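Here is the structure we will look at.
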Amino acid sequence: MPPLGFSIRRQSVVMEFEGHITPYVIITCILAASGGLMFGYDIGISGGVTSMDTFLEKFFPVVYLRKKEPHHENAYCKYDNESLQLFTSSLYMAGIVATLFASYTTKTYGRRPTMIIAGLFFIGGVVLNAAAVNLLMLILGRILLGCGVGFATQAGPLFLSEIAPTRIRGALNILFQLNTTLGILFANVVNYGAEKIKPWGWRLSLGLAGIPAVLLTVGSLFIVETPNSLVERGYLQEGKAVLRKIRGTNNVDAEFNELVEASRMAQQVKHPFRNLLERRNRPQIFITICLQIFQQFTGINAIMFYAPLLFQTLGFKNDASLYSAVITGAVNVIATIISIFSVDRVGRRMLLIEAGVQMFITQVVIGVLLGAGMKQDQKLTRGTAIVIVLMVCTFVSAFSWSWGPLGWLISSEIFPLETRSAGQSLTVCVNFAFTFVIAQAFLSMLCRFKYGIFFFFAAWVLIMTIFVLFLLPETKNVPLEEMTEKVWKQHWLWKKYVRDVDLSDDEAGDA
Ligand code: BGC
């Protein structure tokens, strides 16, 4: 395929690579990123479905009755129900377990088969959910979807980082996140329409997840395996051929040799998970764990999962709360696109710091407005409600050009090849563990903390912004295999951990 008309020549201390941004790379990446669509659809669908009366009446009659009480004693507690939260959270529990297997399949069989497995799990989950006649089928369906999410989020971002030319690695990686946000928006729009179809609209909401599920499964059949994975598994010639194809040039020797060298080092590592724990990997481990915990403690999923319930809590009608969720979903997509264009220009740190300030301010404002507005009659004035929706949108936009994409991007680019797959697994596990916590706890926390929940998240945002200022190095435009030299060895703290360690010596002790 002809190149897009511009080429990349990357100057590095070690060597120079040549490559074009080929349409082939772009199309492959779009298909690979469709795992994100599915992930997003699952995030966005549950809040709307659980706000539908017909769904609540069938599966959660206790919540339905409470919702119908004309004067519930505490508006903040209407939806505080363990099983309702389990409907949302069970997916992430399953995802945690699945990602451990996914790490094995990505390393042993490659990124592509792992994505196919994800697609098949998704299809199974969708069928169970759309056909559910009892809570068990519903939860089992969510568990299968969770397995799909575990496999897709393991292989997708890794695939994108490996196939992308360095210069646009950030942008291509964020495609996964962009698809996640498109999936959420698609789910919000579907919920808005499906709510009007009674009594089976919720089945349509859950069933339409079949579209991204099939897209991922079929798309994965057409993409190539990454050169990194081929080389890692000993298919050198195939790896080189793919590299030529995706770079649109025959002159790939320099990049190929670096890949082979990185892979040779990786081969010496017999126990990637144990290797992760070694001293020289501590900076990456620490940063990845923090990024995932912080991403969830921005409070974003309180909005993504429960926006319709949150808006109903604030006194919005069914319809208004569902279209407010569509608005926040659209803001999420637009801000992610802004991130794609700025991440490799202004850099990761700048985006995170700016967003930290923006998220802090909006959360404090929401907390204050709710505290003042919902005291006496438990109903907000129209003006306050509009300002709150605006603030939620401002908060979501900041998250979506920072912690949303960058939590995943930075984690996928800081690990060296020998621990990359294990590192990605850790990333997904920690992320899902804390997504689970928020999904399972938010409605109960809202009931206990009331408007104070927003101050709770604001405090976390303050902590994470300080973390970025002092502990997170910039990785913009640094080739994956040169992170140690250019990032870790230059950082005031992390350089203490990565001083020229000879990998083979370490492994000798390990074996
Ligand atoms: C997060 C999800 C979140 C989504 C919102 C992702 O990066 O991992 O938990 O729901 O962004 O767009």
Reduced to Cα centres, the span from region 163-190 to region 320-399 in Å works out to 20 Å
In Å², nearest 10: area of W403 left accessible to a 1.4 Å probe: 0 Å²
Span from the region 127-152 Cα centroid across to the region 418-491 one, whole angstrom: 27 Å
In the structure shown, of K58/K317; K245/K270; K58/K196; K78/K379, the pairs separated by more than 25 angstrom at the C-alpha atoms are K245/K270
Along the charge dipole of region 19-510, Cβ charges K/R +1 and D/E -1, which of V214, A131, F467 sits furthest on the positive end? A131
Solvent-accessible surface (1.4 angstrom probe) belonging to W200, in square angstrom, nearest 10: 130 Å²
Taking 7 Å along the Cα-to-C-beta vector as the label spot, tell me the L277-E482 distance in nanometres, rounded to one decimal. 3.4 nm
Which listed residue (F121, G299, G404) has the Cα farthest towards the positive end of the charge dipole for the chain, taking +1 on Lys and Arg C-beta and -1 on Asp and Glu C-beta about the Cα centre? G299
Straight-line reach only, C-alpha to C-alpha below 21 angstrom: list the lysines that K496 could link to, leaving out same-chain residues fewer than 8 apart. K486
Order by accessible surface, 1.4 Å probe, largest leading, for residues Y451, Y104, Y79, Y235 comes to Y104, Y235, Y451, Y79
Which of K240, K379 is most accessible, then next, and so on - probe 1.4 Å: K379, K240
Hydropathy at least -1.0 by Kyte-Doolittle, axial extent at least 30 angstrom from the Cα trace: which helices of the chain, defined as entire DSSP H runs, fit? 82-108, 135-163, 169-194, 318-342, 348-373, 417-449
The answer for the net charge of residues other than A155 whose Cβ lies under 13 angstrom from its Cβ, with Lys and Arg +1 and Asp and Glu -1, is +2
So, over other residues within a Cβ distance under 10 Å of S421, counting Lys, Arg +1 and Asp, Glu -1, the net charge is +1
State the Cα centre-to-centre distance between region 46-121 and region 194-229 in whole Å. 16 Å
Cα extents of the chain along the three principal axes, largest first, in whole Å? 71, 49, 46
Lys/Arg +1, Asp/Glu -1 at C-beta; the chain dipole; positive extreme among I453, V487, L145: I453
Solvent exposure, largest accessible area first (probe 1.4 Å, DNA, RNA and ligands not counted), of M391, M350: M350, M391
What number, rounded to the nearest 500 deg cm²/dmol, is the helix-based mean residue ellipticity at 222 nm of the chain, given -39500 (n - 2.57) per DSSP H run of at least four residues and division by all its residues? -24500 deg cm²/dmol
Would you check the accessible area of E232, probe 1.4 Å, heavy atoms only, in square angstrom rounded to 10? 20 Å²
When the dipole is taken about the Cα centre of the chain, and only Lys, Arg (+1) and Asp, Glu (-1) are charged at their Cβ, what size is it in debye, to the nearest 20? 880 debye
Where in region 99-135 does the amide nitrogen come within less than 20 Å of the point 7 Å from the Cα of K270, taken along Cα to Cβ? 104, 107-108
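The values are calculated or read from the model by the stated rules, or taken from the named source; none is laboratory data. What you are looking at is a predicted structure, and each value in this text was computed from that prediction instead of being measured. Quick reminder, even Gly has a Cβ in these numbers, built from the backbone with ideal geometry, and neighbours come from all protein chains shown. The accessibility values were calculated without ligands, DNA or RNA, using every heavy atom of the protein model including side chains. Shrake-Rupley method; radii C 1.70, N 1.55, O 1.52, S 1.80 Å.
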